[in-house]
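The values are calculated or read from the model by the stated rules, or taken from the named source; none is laboratory data. Every value quoted in this text rests on a predicted model; they were computed, and no experiment measured them. Cβ placement follows ideal geometry from the backbone for every residue including glycine, while neighbour counts extend to all protein chains displayed. Surface areas here come from the heavy atoms of the whole protein model, side chains and all, with no ligands, DNA or RNA. Shrake-Rupley method; radii C 1.70, N 1.55, O 1.52, S 1.80 Å.
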Amino acid sequence: MVSDLVTGDAVVLGLRPARLPSRGLAILLDLAVYVTGYVLISVGLTMATASLDDAAQAAVAVASFLLFLVGVPIAVETLSHGRSLGKLACGLRVVRDDGGPIRFRHALVRGALGVVELILTFGSIACIASLASARGRRLGDVFAGTLVVRERVPGTRVMPVPPPPPWLAGRFTGLDLSAVPDGLWLAIRQYLTRMNQLDPQVGAAMAVRLADDLVARTGAPPPAGVPAAAFLMAVVHERQSRDAARAFRPSAVGPGSGFAPAPVPEPVPVVAPVPYVAPAPVAPVAPAAPAEAPRAGGFAPPA
């Protein structure tokens, strides 16, 4: 069963609510972990508070009970966004009624009512409420506005559309497909992927009806001598080719996409070559005449 949850954006979410067996198994796993931790801590606290009076020991016991069996589950669901250890093992998650992740107030209401539903009454109230609910919710889910859903859903194998005959390849390149709605494309794809499983007469009639709807949407006359199934294969192949070309064309890379175009190198200016001019010959310079040494005179410095 699929639960159609409608978000605030008017989007329908197809979620699968968890039923009592899987929810019960997840709760048992969680309780086993919490009770084990509570027993170990209780033994340690009992030994540590042996010297205290009875009132102090009772207060410590109540505090440890509330901490491990109420506070810890609330903290785990809040921090993990609705995936405790048992729910993780069973492939479950707690979500809001609109499909969003839960918050602290949702986990607080679920944990507070879980003490009464799951612990004090040994899960009898939770079982009755889950069986009576159309979506398997217990009282904690009803008051908190939450829902436990299945995350691990068996996936269906998507079958590829069979290719058209080779003699039809490229024949419908000029066909206008803008007026074909998505619902008709989905119906054609479902027929082509399952036509071998249908009765031949039923499959042929369905192919003719889909081909007539496609011809009415495109406004082009039906091709003569082309079977309806082959016509549908060729048109779907043409649409896939156009989508692939639109997705990988160079104009798709621009400011709006996550890719930056490669920078275009600036052209280098071409400089005209300068003609070579030989230097003018230099006239040889005659060597200068040696200077005459000064002649010695008869002057003598004073002593």
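Which residues, counting only those in region 21-30, are of a type outside the set (G, A, S) and surrounded by 18 or more Cβ atoms within 10 Å (Cβ to Cβ)? Selection gives R23, I27, D30.
Each row is one residue, and each column tells you yes or no for (1) farther than 20 Å from A107 by Cβ; (2) of a type in the set (A, V, I, L, M, F, W, C); (3) modelled with pLDDT of 85 or more.
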position: L20; (1), (2), (3): yes, yes, yes
position: A50; (1), (2), (3): yes, yes, no
position: D53; (1), (2), (3): yes, no, no
position: G71; (1), (2), (3): no, no, yes
position: K87; (1), (2), (3): no, no, yes
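So is V148 in contact with a strand residue (DSSP E or B) (Cβ under 6 Å, 6 or more places away or on another chain) and farther than 30 Å from M233 by Cα or not? Taking the combined requirement at face value, the residue satisfies it.
Condition check: open to solvent by 60 Å² or more (accessible area, probe 1.4 Å) and not in a helix (DSSP H, G or I). Does G174 satisfy that? Answer is yes for this residue. Looking only at residues in region 127-147 that are in a helix (DSSP H, G or I) and in contact (Cβ under 8 Å) with a residue 60 or more places away in the chain, the one that is surrounded by the fewest Cβ atoms within 10 Å (Cβ to Cβ) is L131.
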